[in-house]
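**Q** A single structure is presented below for examination.
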Amino acid sequence: MRGIVVHLPAGNGGDTVTLRLGPGERARFGRGSAHRPVELRLGDESVSRLAGEIHATDDHWQLSNLSNSHAYLVENPEGAGEYLRVPPRRVGAPIPFEFSRVVLPSRRETPLSFQVFAPDHVYLDLDARGGSWESRTMTAYSLDETATYFLVLVALCEPWLRDHSLATVPTTPQVVARLHGHPSCARLTARAVSSHLDYLAAEKLRIDLPDGDRADRRGGKREAVVGLALKFGIVREEHLVLLPNPGPGRSGR
């Protein structure tokens with residue numbers, strides 16, 4: 001993946017917006033106006049007309065805080081509470097997280113926020129030892145096994161790994177229920193699982209699905225993701241230990 005995907009969900013005072021920015025491209029966010037248009041509109045009076053800017057580069061992205069008074073937080077939802085504070089008037093702060101939540105203070109009960117999916121973190125092949133950079137082999141599918149999206153992928157693959165059954169790929173509500181006991185997934189929602197599935201299909205595994213009915217696309221996307229992950233051994237039986245205890249009614253092999 002080169003460039004970034006920015007997602008502004010509904011409930012931030014504007015419409016849902018998803019942007020794909022290639023290297024060198026920028027997107028502005030803020031309250032906006034006819035004279036100061038923005039790509040990501042945050043409808044709150046405490047947000048500046050032009051609050052900030054996102055800049056995509058080849059291997060990361062940068063955040064500029066154009067506010068004169070408010071600091072912004074960039075959280076790592078996949079980590080153990082890591083975050084960066086970007087102070088007012090800071091330009092081009094580099095963001096190291098692969099998946100980020102940008103949080104702006106507001107007068108509302110819940111802060112304003114949007115998500116940014118950054119370029120893949122690139123990993124060397126485990127067998128690479130010494131030699132020049134050109135002689136080293138990169139992994140074809142660069143996935144972070146500590147990330148929530150990988151837990152979602154393991155939960156989707158679990159029926160086959162336990163029972164060799166592809167007939168019942170878990171639905172989104174079933175994935176939410178399966179991961180509920182995991183410490184990092186207690187607040188996982190169906191919408192979040194769908195977002196992780198979209199990220200896996202489009203960015204991590206690069207699956208091209210035909211157009212069709214939305215429900216059919218969602219079901220087909222789950223099956224395609226599971227099929228590719230199993231075919232190439234991206235998810236294996238040893239990964240089942242990442243899931244919460246199966247509990248009664250689920251037998252492990």
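**Q** Taking the condition of being assigned to a strand (DSSP E or B) and either modelled with pLDDT under 90 or crowded, with 17+ Cβ neighbours inside 10 Å (or both), how many residues in region 1-58 meet it?
**A** 21
**Q** For residues in region 104-128 being of a type in the set (A, V, I, L, M) and surrounded by fewer than 18 Cβ atoms within 10 Å (Cβ to Cβ), which is modelled with the highest pLDDT?
**A** In this case the residue turns out to be VAL122.
**Q** While we're here: Filter region 70-95 down to residues that are modelled with pLDDT of 85 or more, within 22 Å of GLU145 (Cα to Cα) and open to solvent by 60 Å² or more (accessible area, probe 1.4 Å), then give me how many there are.
**A** Count: 1.
**Q** Follow-up question, since we're still on this one. Looking at region 67-85, which of its residues are farther than 15 Å from ILE54 by Cα, assigned to a loop (DSSP other than H, G, I, E, B) and not aliphatic (A, V, I, L, M)?
**A** Across region 67-85, the qualifying residues are ASN68, SER69, HIS70, ASN76, PRO77, GLU78, GLY79, GLY81, GLU82.
**Q** Which members of region 178-211 meet the condition of being over 17 Å from the mean Cα position of the chain (by Cα), in contact (Cβ under 8 Å) with a residue 12 or more places away in the chain and not in a helix (DSSP H, G or I)?
**A** HIS180, GLY181, HIS182, LEU209
**Q** Further question on the same structure: If I ask for residues that are over 18 Å from ILE4 (Cα atoms) and in a strand (DSSP E or B), which ones from region 86-112 would you list?
**A** VAL86, LEU104, LEU112
**Q** Given GLY233, GLY252, GLY220, which one is over 22 Å from the mean Cα position of the chain (by Cα) and at pLDDT below 90?
**A** That would be GLY252, the only listed residue that is over 22 Å from the mean Cα position of the chain (by Cα) and at pLDDT below 90.
**Q** Still on this model: Taking region 9-42, which residues are more than 19 Å from the chain's Cα centre (by Cα) and under 13 Å from PHE114 (Cα atoms)?
**A** GLY13, GLY14, ASP15, ARG28, PHE29, GLY30, GLU39, ARG41, LEU42
**Q** Quick check, is VAL175 under 21 Å from ASP144 (Cβ atoms), of a type in the set (Val, Ile, Thr), at pLDDT 90 or above and crowded, with 17+ Cβ neighbours inside 10 Å?
**A** Taking the combined requirement at face value, the residue satisfies it.
**Q** Same structure again: Across region 179-208, which residue is farthest from PRO77 (Cα to Cα) among those that are charged (D, E, K, R) and open to solvent by 20 Å² or more (accessible area, probe 1.4 Å)?
**A** Here the answer is ASP208.
The values are calculated or read from the model by the stated rules, or taken from the named source; none is laboratory data. On a predicted model such as this, the values are computed, not experimentally measured, just so you know. Glycine gets a Cβ as well: all are built from the backbone with ideal geometry, and neighbour counts include every protein chain shown. Each accessible area value is taken on the protein alone, full model and side chains, heavy atoms only, with ligands, DNA and RNA left out. Shrake-Rupley method; radii C 1.70, N 1.55, O 1.52, S 1.80 Å.
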